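The values are calculated or read from the model by the stated rules, or taken from the named source; none is laboratory data. This structure is a prediction, so every number in the text was calculated from the model and none was measured. Glycine gets a Cβ as well: all are built from the backbone with ideal geometry, and neighbour counts include every protein chain shown. When the accessible area is computed, the model is the full protein with side chains, heavy atoms only, and any ligands, DNA or RNA have been set aside. Shrake-Rupley method; radii C 1.70, N 1.55, O 1.52, S 1.80 Å.
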Amino acid sequence: MAPFHSTGYDVGSTDRRTIVPLRLYANSVSPFVRKVRITLYEKGVDFETVEIERGSQRDDLLRINPRGEVPALEDDATIVTGSASICDYLEDKFPRPPLLPSSPQERARCRSLEHIADSHTDALQFLLFLLAVRRPDLREDHPDALPALSRQVARHYLLLDRALAGRDYFLHNLSRADVALVPHLTSLEYLAQPVPDGCARLRSWLVRITLRPSVRRDAEQALAALEKTAANPDPFFRSDRIHWRGERVEWAVRLGLGAWLVREVEAGRAYFSPPPDDPPATVR
C-alpha cells in the first residue's frame with residue numbers, strides 16, 4: 001500500500017504525483033466522502049480538504065457543486081462530483097496501486113459490489129441513523145420500523161458474507177468494493193448493528209480492513225466529525241432537513257414510513273437532489 005504523503009511527490013518512486021494538491025470538499029460524517037478519502041489515502045495522493053461542517057457554508061459548496069452535495073473534487077480547472085465518478089477519475093489519474101481489477105469479469109464484479117454499497121447498504125445505514133440518532137420521535141411513532149430494519153441488516157450481512165467466498169477481500173486484492181463497503185459497515189456497527197458470529201468471513205474481513213492505515217485514519221476523522229456535529233448549532237446535515245434519494249426512499253416505503261415521508265416533504269423537512277444542470281465532471 002502506498003504511504004501517506006505531505007508533498008506532491010511520491011519520494012523514492014518514478015511515479016510523480018500531482019504538484020498542486022487536489023481539493024476535496026467534504027463532510028467527514030458522509031460515507032461517500034469517506035470512500036473517496038480512503039481511496040486517496042490508499043493511492044498516497046496529496047490533497048487538501050475543505051470541510052463543509054456548517055449550514056452557512058452551503059453557498060461555498062454550491063459554487064463548486066450546484067447540487068449542493070459532498071463529496072466534490074477540485075483538480076485545477078476540473079470539478080468532479082459523486083463518489084463513483086471521483087474514484088473513477090482518481091483511478092485514471094493515479095493508476096497505482098490499482099483499486100479496479102484489470103480483468104473485465106473481475107471489474108464487473110467489483111462495480112456490482114460497489115453499486116450495492118452505494119445504494120442498498122447506504123439505504124440501510126441511512127435509515128438506521130435516522131431512527132437511532134436523527135429522529136428518535138420517528139422510532140417511537142413507528143415501533144415496528146427499527147426491528148424490521150435490523151432484520152434487513154442481518155440479511156444483508158449474510159449476503160456479504162457469502163460474497164467473500166473465503167477471500168481476504170471481496171476480490172482477490174483490495175478493491176473499490178472493499179473501500180465502498182467499509183464506511184457503511186463501520187457505521188452500522190457504531191449504530192449497534194454488529195456483524196453476527198454466523199458471518200465469520202465478514203467479521204474477519206471487517207477486522208482486517210479496519211486495521212489498514214488508510215481506514216484507521218479515515219475512521220478517526222469521521223468519529224471526530226460526528227462528535228463535533230453533535231455540538232454544532234448549525235450543522236451541514238440537519239435533522240429538520242434531510243436529503244433523500246433512490247433506495248433511501250424505497251426502503252422508507254418498505255418500512256411503512258411512506259406517508260410520514262410525504263408529510264416531511266410537504267413540511268419542507270425533506271428534500272431531493274435537484275436535476276443536474278451540467279455533466280458530472282465540469283471543466284471551468
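Overview of results
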| item | result |
| --- | --- |
| Residue-normalised accessible area of region 93-177, given per residue in Å² at a 1.4 Å probe | 48 |
| Summed side-chain charge close to residue 110 - residues other than residue 110 whose Cβ falls under 10 Å, Lys, Arg +1, Asp, Glu -1 | +1 |
| Sum of side-chain charges, residue 41 neighbourhood, beta-carbon under 12 Å (Lys, Arg +1; Asp, Glu -1) | +3 |
| Per-pair calculated FRET efficiency, R0 = 25 Å: residue 115 and residue 50 via Cβ, rounded to 0.05 | 0.35 |
| Cα→Cβ-extended label distance, 7 Å offset, between residue 228 and residue 273, nm | 2.5 |
| Read-out Cα extents along the principal axes in Å, derived from the coordinates shown; its label in [x] 60, 47, 35; [y] 49, 42, 32; [z] 54, 40, 33 | [x] |
| Percent accessible area from carbon and sulfur atoms, region 104-205, protein chains only, probe 1.4 Å | 52 |
| Whole-Hz ³J(HN,Hα) from phi, Karplus 6.51 cos²θ - 1.76 cosθ + 1.60, for region 222-239, glycine and proline x | 5, 5, 4, 5, 5, 5, 5, 4, 4, 9, 8, x, 9, x, 5, 8, 9, 6 |
| Computed FRET value (nearest 0.05) for residue 243 with residue 92, which takes r as the C-beta separation and R₀ as 30 Å | 0.60 |
| Chain lengthening between residue 57 and residue 150 when straightened (0.36 nm per residue, less Cα-Cα) | 30.0 nm |
| Label-to-label distance, nm, for residues given as residue 263 and residue 250 (7 Å Cα→Cβ offset) | 2.6 |
| Net length gained if the chain between residue 192 and residue 165 were fully extended (0.36 nm per residue, minus Cα distance) | 7.2 nm |
| Segment residue 139-residue 108, length gained on full extension (0.36 nm per residue, minus Cα span) | 7.3 nm |
| Separation between Cα centres of region 108-155 and region 15-90, rounded to whole Å | 25 |
